[in-house]
Amino acid sequence: MADSLVENNVPRELWLYPDRGMMKWMGWLLSDHSAYLEEAAKSEKPQQPLSEMTFADINETLQTAWEQSQSVAVQLSALYNDQYLPLIEGAVVGLVDGQVYLQPKSGRPRMLAVADIRHVEPLDTTKWWDQ
């Protein structure tokens, strides 16, 4: 009894609805692809330069964010094709020896040298229903 496989094959003409096979998956694939393209377009958008902060101001802002468990947006000094890279957003989870550790919403923690940071600002994390 354990070796026999029970199969219930219903002839296609007796199905309750017409199955479109793989066509129903194409919508999902297209939506995932569209989301990827939208995210890629955002990351390729040129970033406007923010005001350059002093090392002391950057360090103080990061220290405060770490103590209050805040998220920050960081703009690095490095240029790519004569444009600033997109802002790096994440919660400050560590600040040691000129290094800051950011935990983005998704992904692994990132380590940045404080000396490489051009501008940092705390993010407003209040939810719309709390306002």
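Residues that are outside any loop (DSSP other than H, G, I, E, B) and free of Cβ contacts under 8 Å to residues at least 12 places away in the same chain were ranked within the stretch 89-111; the one that is farthest from residue 68 (Cα to Cα) is 96. A Cβ distance below 6 Å, combined with a sequence gap of six or more or placement on separate chains, defines the contacts here; from the stretch 56-73, residues that are under 22 Å from residue 126 (Cα atoms) reach residues that are open to solvent by 30 Å² or more (accessible area, probe 1.4 Å) and outside any strand (DSSP E or B) in the pairs 71/123; 71/125; 73/87; 73/123. Picking from residues in the stretch 73-125 that are exposed (fewer than 11 other Cβ atoms within 10 Å of the Cβ) and among the charged types (D, E, K, R), the one that is nearest to residue 51 (Cα to Cα) is 82.
The values are calculated or read from the model by the stated rules, or taken from the named source; none is laboratory data. It should be emphasised that the depicted structure is a prediction, and the values quoted were computed from it without experimental measurement. Glycine also receives a Cβ, built like all others from the backbone with ideal geometry; neighbour counts cover every protein chain displayed. The area values use the complete protein model at the heavy-atom level, side chains included, leaving out ligands, DNA and RNA. Shrake-Rupley method; radii C 1.70, N 1.55, O 1.52, S 1.80 Å.
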